[in-house]
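First the structure, in the form of structure tokens, and then the observations on it.
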Amino acid sequence: MERIIIKDRKKESNNSVAVPTEIVGITKEKIGQRFIIKGRVENIVQTSGPTLFMLFDGTASITAKAFIKAGERAYQEINKTDVMEATVEIREHNNELEAEIHSCKKSLAQDFNQLVLERVNRLAKPENPEFMIKSDILEKLRPKFLNAAFEIKKAIMEKRPIIVRHHADCDGYCAGIALERAILPLVQEHNDERDAWRLYKRAPSKAPFYEYMDVTKDLAFALEDMEKFGLKEPVIILADNGSTHEDVLAIKKLSIYGCKVIVIDHHYPGDVADEKSEVDEFVIAHVNPYLVGGDSNLCAGMLCTEIARFIHKESDNIKFLPGLAGTSDRCKGSEYEQYLKIAEDKGYTLEQLRNTAECVDFEAHYLRFVESRSLVNDLLGRDRDKQKDLIDLLIKDINKRKEQQLIVAKHYCKVEQIGSIKIVEVDAARITNRGDYPAVGKTVGMLHDSFNDKRVITLGLGEDFITIRIGDEINANINKIVEHLQKEKPHTFAEGGGHEHAGTIKFVPAAFSEIVNFTKEEIKKSNN
Amino acid sequence: MERIIIKDRKKESNNSVAVPTEIVGITKEKIGQRFIIKGRVENIVQTSGPTLFMLFDGTASITAKAFIKAGERAYQEINKTDVMEATVEIREHNNELEAEIHSCKKSLAQDFNQLVLERVNRLAKPENPEFMIKSDILEKLRPKFLNAAFEIKKAIMEKRPIIVRHHADCDGYCAGIALERAILPLVQEHNDERDAWRLYKRAPSKAPFYEYMDVTKDLAFALEDMEKFGLKEPVIILADNGSTHEDVLAIKKLSIYGCKVIVIDHHYPGDVADEKSEVDEFVIAHVNPYLVGGDSNLCAGMLCTEIARFIHKESDNIKFLPGLAGTSDRCKGSEYEQYLKIAEDKGYTLEQLRNTAECVDFEAHYLRFVESRSLVNDLLGRDRDKQKDLIDLLIKDINKRKEQQLIVAKHYCKVEQIGSIKIVEVDAARITNRGDYPAVGKTVGMLHDSFNDKRVITLGLGEDFITIRIGDEINANINKIVEHLQKEKPHTFAEGGGHEHAGTIKFVPAAFSEIVNFTKEEIKKSNN
Amino acid sequence: MERIIIKDRKKESNNSVAVPTEIVGITKEKIGQRFIIKGRVENIVQTSGPTLFMLFDGTASITAKAFIKAGERAYQEINKTDVMEATVEIREHNNELEAEIHSCKKSLAQDFNQLVLERVNRLAKPENPEFMIKSDILEKLRPKFLNAAFEIKKAIMEKRPIIVRHHADCDGYCAGIALERAILPLVQEHNDERDAWRLYKRAPSKAPFYEYMDVTKDLAFALEDMEKFGLKEPVIILADNGSTHEDVLAIKKLSIYGCKVIVIDHHYPGDVADEKSEVDEFVIAHVNPYLVGGDSNLCAGMLCTEIARFIHKESDNIKFLPGLAGTSDRCKGSEYEQYLKIAEDKGYTLEQLRNTAECVDFEAHYLRFVESRSLVNDLLGRDRDKQKDLIDLLIKDINKRKEQQLIVAKHYCKVEQIGSIKIVEVDAARITNRGDYPAVGKTVGMLHDSFNDKRVITLGLGEDFITIRIGDEINANINKIVEHLQKEKPHTFAEGGGHEHAGTIKFVPAAFSEIVNFTKEEIKKSNN
């Protein structure tokens, strides 16, 4: 087949003045018709047959195909980031629209890029709604909400794959699902179904940060999709994750590969200056209450539900999520109370929220890293009847299991009175059934709560970790203990932390006794 | 494209009296032709292009496509479970038949549903063959066989995905493969190839029950297939699994999502009343010899081979499977002896069956949860020559490995004489190579057998389990020991059991010594 | 549709003398045209629609399709390995070329098979370049290089899937990537894209040999591809793996299923006779310096880079790989020095090579068994700029992490002076963070190096292993220790080994103290 230069007089004669058709207007109804389109070349894939140019004009993307000879690069003069003006015929190929190039030329980039920018700015402009609640912190975060929502909408328009990575607990799932309920309808609107599965993914992260193992896998699959299907570099949204020092290496790595990262988190991000923290250097958007003087009581589920409304104002069935997330994360304060009220208005009592949170944690435990659009989605009320059935089914078994586990924990724990403080110690890894729910963290929490005493501290011991819960009236800060360990006992390889009164210290097994003694000493010292 | 109302006079004029074509008659040869069809709407999928209606008329299913405007729902008046009568043209799309709707109307459901029921009853009617052997228990189970076979055939007709989950040992594989050799040809007959891979899956389960982790994954994938490909809710067949209390939560969960469960098992199902046990409430078919006064000597491989013959009378190459399964599961009694005779008639000596069983266990060990249609299939004689080659290759290495392992076990075990009983104790987890074959259970069994003494009891100790083998002349019941532990020592979180004289007790590691002592005391007491 | 016997006079009349078209000449440009082709039937797949014959004529392969009736086998007289002569029309189906059979007959096999052989010999003839360096060992290996390269090229021509399995360290990755940069362009040239992903795979192996678990998975997927897509039996290339006794069972298993194995390795293959070792019986090509009197200083990265040049002379961007691999594997000798010089000419300083090796090990650690065509590919210089960026990013974090780990190791190690030898002992499994980099082997190596003393021996102890590093001036051989253990203490189940002065002994945990004492005694004895 020869490259055919079309001599369509009517069009050609006006070529210099013809206004190219906006790509967004090229829909399935236009199959068989001929257009002039103009777009920036965002990717070029040489197949064993034709050459594929991915064109973007600020309104939408399309694949334009040119064929000279099997496997031979067409239009060698046109490179990535160039602007191409082409006469094309619209065809369908494997259920996707494709523009077959009849003739084309390189165009000046500067003016066109300006136009693309304007179009993107216009079309990806986020909603700017009232927040669901009154909150000074949220108002201070508004510019950051607008920026994050803009970047997400832009990614959808550019047909960039979106990967939502969220913490695998109830708050993380609320955050991820809230975003999904705003993003997925827009992705589906802009693409055909197959693309909707390819261009949007959500995956839970077991660790409370973006592990190097996870980024390695995400990147491996993203790069494969880029090579196989000509997709663009993805945008990764880290929800209930991503703000801390431990996330930096993973995020830096993404940036080298041209991926973009958006962080929506409520974990302590380290020192803040000028509303920025360490991770800001490597991300295109960062929403975190600590950046504007807030704290973790505005949890990720709350933040992401609000952002969902900036992305897609009709996002449905998300208004109870902040109340649920806050209940699950034991949030306090006016914001939580307002969200709780909203959830109640939507028909969820506090007890129902607690049961739902418990069930989500339970499912998350067994799902691990499996992405399931449906399972937790149903628990989170996609179908309200199924939600009720599921929770009724699960909660009895979960509660029974938890009661049994508490009997075990209470039997094996040791209690030591030190001054006015009670230290509860339990061999956490040796009193739980490997793999079963509830796991160590939950069990230690339950044991701690069972004392119902603000002067109790509970230590759940494992070979290479201590999970700690500290009563409200005790003066201690787990993050500080870790800091001191790192300074004074570097040979223990101590890491971790969490919140001031709830967290986990990790270390090498050889340091076990040393770490336990050090921890107890620190607590004694600060409570004398 | 407009929705076109066809004015085909010849057909239209007779419309009220025209008998719709049975869907089963619409084959590839009919592409391009026009028909009136009538079907119950079993699923509706709105794509970004047309709306898809899955129609079922009791003879077969077809996808009917209607298009108004990209992404717009066609025929909004027609909902799931409605009956639709449509004039369609048959087309091919991605290698699958599709009915393009030209015009359609809603029909009265009642009469049609009656017709569908009659057709299904007629077409899904199982074979009702003589059993391969004489057995009162089997005869008593006949109505349950007929019911299970009917439900499986119906699922195939309805294009419902079928998932066979079987225990990952030789008996479980025999059971799964026997079913597969009956089901898969029918699925292939009713569908094109791609569907045959989508509509039938088989997966081994490591645990001897349907773990919550497994059901979570199965459900996640099934729900994804439903959303992605418009498939129906699957039917899950649990083979050599599914009858016990530990299966109930997983099965209940499936039912909430509209999945159907069929259990074919020979494990003790707890109390039986009116030929029903606990699990019957949640399943559509349950075949288990205990329900009619039998016991585990009619093993799953036997039951499933017989059921295979109720499903598809021409099922080939399955007649030696009961003998193999029984040999592997150490079955006793007349049924086993008759099946063994049949296997011998098919050319399998007892030694060959033993070697085959050993090889299947070996492969199963390394396959873990990977579904492989071919590997174990070949060991189980799909290709008799390859089977022979494989067994010849493997058995030498397996036997060598087992001999080596036995040397290790004998070296490290301790023998204690208590009255007339010998207790053999071995630190089972510390004398096996992690991950390699033979694993703990097999090793403890080999050690026990090596004493060849009916007054020996062998305890394989691990951090959180004891694997137990009890000689024939010893009076003890592992299930009772577990019951007593649960009652008297709830803090040990004891679980498990198995057969009376072979099984495993699991517990939290902290309870290790207490459990070992308790177990020994129980055995001493009942043998004084 | 009927099977149509074509009466195209011009062609038919000359049929007996017509020279069939070579399949290699049938390209996309030929769609719609009619040809006579002749080929050996390499596979027959009966679909629910047509029957598919995979034809190979020594120049290329094509799928020929015949249709009688849905699901019915066409041309029953033609079987696998028969030769078929057919009049076909070229069509496109799902983006792949397909030959629709209009008429066909069986041909005499003998002459044609001779022709196929000649064509294959001609077309798959490898390049025969000068080696990159002067080396007697390489020259002695030349016939083995030619044979391996021939078999690989033949596999590509025959459309046989190729699986490269390489050790998951830097040498293994260099080996795998060097092969990939020669093989993949040829696969892409002979096939369309989709095939290129289906017909070529590369996967790292965690163990230093082909584990039974790995072969089980590879085979399960290969057999599925054969059934699903009608692919042929694959060729497996084991790189930096495959020569030892531990590989034999896995390789034997492949051969039963008709898979072919090529080994390119530098591990000690056991006794050599007539340039062959134990594994030769089961493989179609084996390249290993030990076979011709060389040793492991010609590492796998070197061997595979040279072979790449025999396969595809234009292989690009591979010349620095031998220097990198040798640096990573601590090779010595003239060959390494020459390769190092070449890498320097390509712009890589020794320090850059060391950093690159470190980064590859780091990535390999986190990739585990995930195949990623892109990630390590970039580290290995596919895109030189990205390579630089990546290494700059990673090396700082890696070095910091290693420094921290060394502090831990030095703190917990014990040093014992025995005569003139220092024994350094460290509880290796208890001083590393589970899952994090650097893992045990690396840590023990670092600790050993930190003493910088040729009279030091370092023992990294774990529950079921000892990792050993022995100083240059110490007289000891790890492989001999393992041999002695196996003979004198079979109950320990001792296995493993490695190089003389660096390796790992594995055993059952119960044997721990016995093994440690035995090992120390052996070393003392040989250094008195």
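Residues in the range A:492-528 that are open to solvent by 60 Å² or more (accessible area, probe 1.4 Å) and part of a loop (DSSP other than H, G, I, E, B): A:His499, A:Glu500, A:Asn528. Within the range A:460-498, the set of residues being within 21 Å of A:Val415 (Cα to Cα) and of a type in the set (D, E, K, R) comprises A:Glu463, A:Arg469, A:Asp472, A:Glu473. Within the set A:Leu249, A:Leu254, A:Leu231, A:Leu219, the sole residue that is touching a residue at least 60 places away in the same chain (Cβ under 8 Å) and in contact with a helix residue (DSSP H, G or I) (Cβ under 7 Å, 6 or more places away or on another chain) turns out to be A:Leu231.
Comparison of C:Thr87, C:Thr63 shows that the only residue that is within 29 Å of the chain's Cα centre (by Cα) and not in a loop (DSSP other than H, G, I, E, B) is C:Thr63. Flag not set for B:Lys402, criterion: over 27 Å from the mean Cα position of the chain (by Cα) and open to solvent by 70 Å² or more (accessible area, probe 1.4 Å). Under the condition of being part of a loop (DSSP other than H, G, I, E, B) and closer than 27 Å to A:Leu108 by Cβ, which residue from the range A:25-52 is nearest to the other protein chains (Cβ to nearest Cβ)? Residue satisfying both the conditions and the ranking: A:Pro50.
If you check A:Asp247, A:Asp240, A:Asp274 for being within 21 Å of A:Met302 (Cα to Cα) and either in contact with a Gly (Cβ under 9 Å, 6 or more places away or on another chain) or in the same structural domain as A:Ala178 (by TED's automatic domain parsing) (or both), only one passes: A:Asp240. Whenever a residue of the range A:51-68 is of a type in the set (Asp, Glu), its partners that are open to solvent by less than 20 Å² (accessible area, probe 1.4 Å), lying with C-beta atoms within less than 6 angstrom and at least six residues away or across chains, give the pairs A:Asp57/A:Ile23; A:Asp57/A:Gly39.
Selection over the range C:55-75 of residues that are at pLDDT below 90 and closer than 24 Å to B:Glu189 by Cβ gives a count of 8.
For the range B:278-297, the set of residues classified as crowded, with 23+ Cβ neighbours inside 10 Å and in contact with a His (Cβ under 8 Å, 6 or more places away or on another chain) consists of B:Val279, B:Asn288, B:Pro289, listed by residue number. Within the range B:365-384, restricting attention to residues that are more than 10 Å from chain C (Cβ to nearest Cβ) and either crowded, with 20+ Cβ neighbours inside 10 Å or not hydrophobic (A, V, I, L, M, F, W, C) (or both), the residue that is nearest to the chain's Cα centre (by Cα) is B:Leu380. Return a yes/no flag: does the range A:212-235 have any residue that is more than 14 Å from chain C (Cβ to nearest Cβ) and not charged (D, E, K, R). Yes, because at least one residue in the range A:212-235 is more than 14 Å from chain C (Cβ to nearest Cβ) and not charged (D, E, K, R).
Checking the stated criteria, A:Arg160 turns out to be away from chain C (no Cβ under 14 Å) and either under 30 Å from A:Asn113 (Cα atoms) or among the hydroxyl-bearing types (Ser, Thr, Tyr) (or both). Only one of the numbered conditions (1) surrounded by 16 or more Cβ atoms within 10 Å (Cβ to Cβ); (2) assigned to a helix (DSSP H, G or I) is not met by B:Asn113, and that is (1).
In the range C:184-265, counting only helices (runs of 4 or more DSSP H) that sit wholly within it, the ones holding 3 or more residues that are within 16 Å of the chain's Cα centre (by Cα) span C:212-229, C:248-256. Scanning the range A:454-486 for residues that are open to solvent by 50 Å² or more (accessible area, probe 1.4 Å) and either within 13 Å of chain C (Cβ to nearest Cβ) or among the β-branched types (Val, Ile, Thr) (or both) yields A:Glu463, A:Gln486. Out of the residues in the range A:12-41 meeting the condition of being open to solvent by less than 70 Å² (accessible area, probe 1.4 Å), modelled with pLDDT under 85 and within 26 Å of A:Gln114 (Cβ to Cβ), tell me which one is farthest from the chain's Cα centre (by Cα). Selected residue: A:Asn15.
A quick yes/no check of all residues on (1) of a type in the set (Val, Ile, Thr); (2) at pLDDT 95 or above:
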| site | (1), (2) |
| --- | --- |
| A:Tyr268 | no, no |
| A:Asn288 | no, yes |
| A:Val292 | yes, yes |
| A:Gly301 | no, yes |
| A:Lys313 | no, no |
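When the range C:405-418 is limited to residues that are open to solvent by less than 70 Å² (accessible area, probe 1.4 Å) and not in a helix (DSSP H, G or I), the one that is nearest to the other protein chains (Cβ to nearest Cβ) turns out to be C:Cys413. The set of residues from the range C:266-277 being in a loop (DSSP other than H, G, I, E, B) and open to solvent by 70 Å² or more (accessible area, probe 1.4 Å) comprises C:Tyr268, C:Asp271, C:Asp274, C:Glu275. Take the residues in the range A:245-265 that are open to solvent by less than 40 Å² (accessible area, probe 1.4 Å) and among the charged types (D, E, K, R), then tell me which one is farthest from the other protein chains (Cβ to nearest Cβ). Filtering first and then ranking leaves A:Asp265.
Checking each residue in the range C:358-375 for being of a type in the set (A, V, I, L, M) and at pLDDT 90 or above picks out C:Val360, C:Ala364. For C:Val440, the criteria (1) under 31 Å from the mean Cα position of the chain (by Cα); (2) facing another protein chain (nearest Cβ under 10 Å) hold in every case but one, which is (2). Is there a residue in the range C:309-324 that is within 14 Å of another protein chain (Cβ to nearest Cβ), surrounded by fewer than 22 Cβ atoms within 10 Å (Cβ to Cβ) and out of contact with any Phe, Trp or Tyr (no Cβ under 8 Å at 6 or more places or on another chain)? Among the residues of the range C:309-324, not one is within 14 Å of another protein chain (Cβ to nearest Cβ), surrounded by fewer than 22 Cβ atoms within 10 Å (Cβ to Cβ) and out of contact with any Phe, Trp or Tyr (no Cβ under 8 Å at 6 or more places or on another chain), which makes the answer no.
With respect to being more than 11 Å from every other protein chain (Cβ to nearest Cβ), buried (at least 20 other Cβ atoms within 10 Å of the Cβ) and at pLDDT below 95, C:Tyr200 fits the description. For C:Arg354, are the conditions met, namely being open to solvent by 20 Å² or more (accessible area, probe 1.4 Å) and either of a type in the set (Phe, Trp, Tyr) or in contact with a strand residue (DSSP E or B) (Cβ under 8 Å, 6 or more places away or on another chain) (or both)? It is false that C:Arg354 is open to solvent by 20 Å² or more (accessible area, probe 1.4 Å) and either of a type in the set (Phe, Trp, Tyr) or in contact with a strand residue (DSSP E or B) (Cβ under 8 Å, 6 or more places away or on another chain) (or both). Sort out which residues of the range A:496-528 are out of contact with any Phe, Trp or Tyr (no Cβ under 6 Å at 6 or more places or on another chain), free of Cβ contacts under 8 Å to residues at least 40 places away in the same chain and within 14 Å of another protein chain (Cβ to nearest Cβ), and write them in order of number. The answer is A:Gly496, A:Ala511, A:Ser513, A:Glu514.
Criterion applied to C:Gly419, C:Gly381 was being of a type in the set (Gly, Ala, Ser) and more than 30 Å from C:Tyr210 (Cβ to Cβ), and the one residue passing it is C:Gly419.
The values are calculated or read from the model by the stated rules, or taken from the named source; none is laboratory data. Note that the coordinates shown come from a computational prediction; the quantities given were computed from them, not determined experimentally. Reconstructed Cβ throughout: ideal geometry from the backbone, glycine too, with neighbour counts over all protein chains shown. Note: accessible area is taken over every heavy atom of the protein model, side chains too, but ligands, DNA and RNA are not part of it. Shrake-Rupley method; radii C 1.70, N 1.55, O 1.52, S 1.80 Å.
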